[in-house]
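Written below as structure tokens is the structure these notes are about.
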Amino acid sequence: MAASPASVPARQPRPREGCWFTPAKAGSRRFFVVGQLMPAFTTDYGATIWQWDEQQG
């Protein structure tokens, strides 16, 4: 079985359940379920890329 990606672009389904965050927005860490689409933010940062949070607690 292939490992789930550690980062996924906004508006794509989540490959695994858990907490994700994006550097594009402060305080963005949230829990998402498998298949849920992640939001995109319009900021000066650029593209919204969600990252798997290794600290799942």
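The values are calculated or read from the model by the stated rules, or taken from the named source; none is laboratory data. Computed from a predicted model, the values in this text were never measured in an experiment. Every residue, glycine as well, gets a Cβ built from its backbone with ideal geometry; the counts of neighbours run over all protein chains shown.
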> Do you know which residues across segment 36-57 are outside any strand (DSSP E or B) and either surrounded by 12 or more Cβ atoms within 10 Å (Cβ to Cβ) or modelled with pLDDT of 95 or more (or both)?
Replying inline: GLN36, MET38, PRO39, ALA40, PHE41, THR43, TYR45, THR48, ASP53
> Got a number for residues in segment 12-35 being exposed (fewer than 11 other Cβ atoms within 10 Å of the Cβ) and more than 18 Å from GLY57 (Cα to Cα)?
Replying inline: 2
